[in-house]
Amino acid sequence: MKKETIIVLDFGGQYNQLIARRVRECNVYCEIKPYTMAIEEIKAIEPKGIIFTGGPNSAYGEASPRCSTEIFALGIPILGICYGSQLMAHLLGGTVKTAPVSEYGHTEVELDTADLMFEGLSPKSICWMSHTDYIAEAPEGFHVTAHTPSCPVAAMSCPEQKLYATQFHPEVMHTQEGKEMLQNFVRKICGCAGEWKMDSFVEDSIQSLRQKIGDGKVLCALSGGVDSSVAAVLLSKAVGRQLTCVFVDHGLLRKEEGDEVEAIFGPNGAYELNFIRVNAQQRYYDRLKGIDEPEEKRKIIGTEFIHIFEEEAKKIGKVDYLVQGTIYPDVIESGLGKSAVIKSHHNVGGLPDVVDFREIIEPLRSLFKDEVRKAGLELGIPPRLVFRQPFPGPGLGVRIVGEVTEEKVKIVQEADAIYREEIAKAGLDKELGQYFAALTNMRSVGVMGDFRTYDYAIALRAVNTSDFMTAEAAQIPWEVLHKVTNRIINEVKGVNRVLYDCTGKPPGTIEFE
Ligand code: XMP
């Protein structure tokens, strides 16, 4: 049976990923595609429905992004949101112009609950508006199905042609009944049964990986992070010992983390796979000696990883498939314009150049992060690994300001372990986006007992963030900070001062380097 799919056509709006996620929450598979996608390609997917996103342009502008009007004749239900609604109106002969009053934020909208899109909803509902243009007149054949005092066409529909449009954004949380609206679109208008679930994703993936790989050999770089772990377990369930996972312990992991990864994936762990742990701690400390420039440190850590992986791959010989834990936001983001490089993130980008293989497999390519986590739970991966907070590829290398030494690694590992323990004890671990201890390069004078000390300052960091692109410093209760400070000073040798980082992002970044 063909998988029910909804396509989101991207016109440059800021909530595009959110639309796709909301549709998937209705248990219907959804993909974001560029608005330039050819009609033939759209037809080939046989989508059950199409959603036009918002966007920053004016639908009547000469150079504005638009799709071919042929799309309206396919007989596939379409929902236009914000710019998408204006584009639909403009292309079908309605009038779009600059609104006399721009609407922004929570707005009470009167809905026609006889319209399928709003069936079962309240006649007056709070919706999220964000527009300067508006549809002044709906195209012929359309009914106005919602309005506000300053927006005559807050929604419109032409049920005969299965065309629907909303000026407001049903996908954002501020639209109180937005979920129900999208559910109506997906189920009642597009006729989706909504059977796309994580367990079916896991089962289908295992089957298709098995079929694709046959008796081929598979190689995976395992970091112990959520994405590579879920990818590895999926492959292990599919092809067992045909899979080899290489885990490089670069000595810049959190306290005991290397052993934890080994306990889960190693010979005494729960999975059928070949596990190779490379203990490269000393090699990294040697290479990092005397280096204090952040980008140089990152490059060394990344390049060394590639060298080690190459050495291991050579030992294994020719492999057929290389696994990467790419997830959907990586796929979408790499398709967008490049922004300034603030930090050169090292992931597994350089591996394909050094491994002799036939094809890359990216089993999580279509999943959002929370879906990867659901798949992880479905696969029986321990929750503490599945819900692990993000940890940068270069590890503690970017949490030690200046030169990295074994002694400094030890200090930051110990301090960080205490911090994490106390945060968990205080029940704050689930609500914080990311939190960790970093080692500043500052030594200062203190007094302990009757002695003068001249030791390092540990910085504690905790942020709340939804996307890690921006973040706010979290307000950790003073009692917790106080306890952590006392414990670090008493228990971690070489530290005589603890600071809390109050900086947001921007202007700070989450990591220190
Ligand atoms: P920044 O410090 O750029 O961090 O505000 C944003 C998020 O990215 C993580 N991060 C990295 N992840 N390789 C990674 O895989 C890296 O080099 C890297 N640098 C930062 C960081 O932990 C945060 O979640």
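Phi angles of region 383-392 translate, via the Karplus equation with coefficients 6.51, -1.76, 1.60 and θ = phi - 60°, into HN-Hα couplings of x, 5, 7, 4, 9, 4, 6, x, 9, x Hz per residue; Gly and Pro are given as x.
At an R0 of 41 angstrom, the distance between the Cβ atoms of N490 and R283 translates into a FRET efficiency of 0.75. Given in Å, the Rg to one decimal and the Dmax to the nearest whole number for the Cα atoms of region 448-513 are 14.2, 47.
Applying 1/(1 + (r/R0)^6) with r as the Cβ-Cβ distance of T303 and C502 and R0 = 25 angstrom yields a FRET efficiency of 0.10. Output the 0 to 90 degree angle, nearest 10, between the alpha-carbon long axis of helix 406-425 and the longest principal axis computed from the alpha carbons of the chain. Tilt relative to the chain: about 50 degrees. The trypsin sites (Lys or Arg not before Pro) of region 413-496 that DSSP puts in a loop, and whose beta carbon has at most 15 other beta carbons within 10 Å, are K430, K493.
The alpha-carbon atoms of region 1-58 define a convex hull whose volume equals 70 cubic angstrom per residue.
By the helix-only formula, in which each DSSP H run with n ≥ 4 contributes -39500 (n - 2.57) and the sum is divided by residues, the chain has a 222 nm mean residue ellipticity of -9500 deg cm²/dmol.
How about region 214-317: which GluC sites (Glu not before Pro) there lie in a loop by DSSP and see at most 15 other Cβ atoms within 10 Å? Each step should come with its number before you reach the end.
Details: sites: E256, E257, E260, E262, E272, E295, E296, E304, E310, E311, E312; in loops: E256, E272.
Here the GluC sites (Glu not before Pro) that fit, given the DSSP loop and packing criteria, are E256, E272.
The phi-based Karplus calculation (6.51 cos²θ - 1.76 cosθ + 1.60; θ = phi - 60°) puts the 3J(HN,Hα) values of region 110-115 at 8, 10, 8, 6, 7, 6 Hz, whole numbers, x for Gly and Pro. Structural size metrics of region 18-136, computed from C-alpha coordinates, are Rg and Dmax of 15.2, 42 Å.
Out of every Cα-Cα pair in the chain, what percent are more than 39 Å apart? Result for the distance tail: 38 percent. Per residue, the chain exposes an accessible area of 46 Å² to a 1.4 Å probe, with every protein chain left in place. Between the helical axis of 198-213 and the longest alpha-carbon principal axis of the chain there is an angle of about 70 degrees. What the Cβ-Cβ distance of T470 and M173 gives, at R0 = 30 Å and to the nearest 0.05, is a FRET efficiency of 0.95. Helix 369-378 sits at what angle to the longest principal axis of the chain, using alpha carbons and giving 0 to 90 degrees rounded to 10? Here the helix axis deviates by roughly 70 degrees. So, with a 1.4 angstrom probe, what is the percent of accessible area on the chain that is carbon and sulfur? The C+S portion of the solvent-accessible surface of the chain is 50 percent.
The values are calculated or read from the model by the stated rules, or taken from the named source; none is laboratory data. Keep in mind that what you see is a predicted model, and the values were worked out from it rather than measured. Here Cβ is always computed from backbone atoms with ideal geometry, including for glycine, and neighbour counts include all displayed protein chains. Heavy atoms of the whole protein, side chains included, go into the accessibility calculation; ligands, DNA and RNA do not. Shrake-Rupley method; radii C 1.70, N 1.55, O 1.52, S 1.80 Å.
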